[in-house]
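K.L.:
Pasting a structure below so you can have a look.
We did not get these values from a lab; they are worked out from the coordinates using the rules stated. Nothing here was measured: the structure is a model prediction, and the numbers come from that model. Here the Cβ positions follow ideal geometry from the backbone for every residue, glycine too, while neighbour counts run over all protein chains shown.
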Amino acid sequence: MTHHEHPNVTLVREGFAAFERGDMARMDQLLTDDVVWHVGGNSKWAGAYEGKAKVLEYFGRQGQATETTAEIHDIVGNDEHVVVLGSAKATAQDGSSAEWKYTQIFHIRDGKTTEVWGMAEDDAAVDPFLDALPD
């Protein structure tokens, strides 16, 4: 049987690959100008990043502060949403690290991400690591 992936799932997979490569030009193409990226938890990194410039700046700061890898366990999507289930590990420049399972919900319109909600399984374990990172 041939498996055909929904185009929005392919779009989100491309975004994960671009992020891992540090390809912010491709990330820029995948986001609407008014995108909102919600980072869960209670750390200083948590909150809503509104607008493409703020989201890309957040990604840049994250890339400078940590080496992060994400593994997708499953990804499902339709014409409006894509849900990603996965695990991540981040290592700071001082060698400290944190690992967590996550869920991200992407809202997609016209081939671009308009909004993302990200949640970690255990914010109480991840927040202290994030708060110790440089601003």
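K.L.:
Dipole of the chain, Cα-centred, from +1 at each Lys and Arg C-beta and -1 at each Asp and Glu C-beta, to the nearest 20 debye?
P.N.:
The dipole of the chain has a size of about 200 debye.
K.L.:
Summing -39500 (n - 2.57) over the DSSP H runs of n ≥ 4 in the chain and dividing by its residue number, what mean residue ellipticity at 222 nm do you reach, to the nearest 500 deg cm²/dmol?
P.N.:
That comes out to -10000 deg cm²/dmol.
K.L.:
In whole Å, what are the extents of the range 1-86 along the principal axes defined by its C-alpha atoms, from largest to smallest?
P.N.:
Over the range 1-86, Cα extents along the principal axes are 46, 26, 26 Å.
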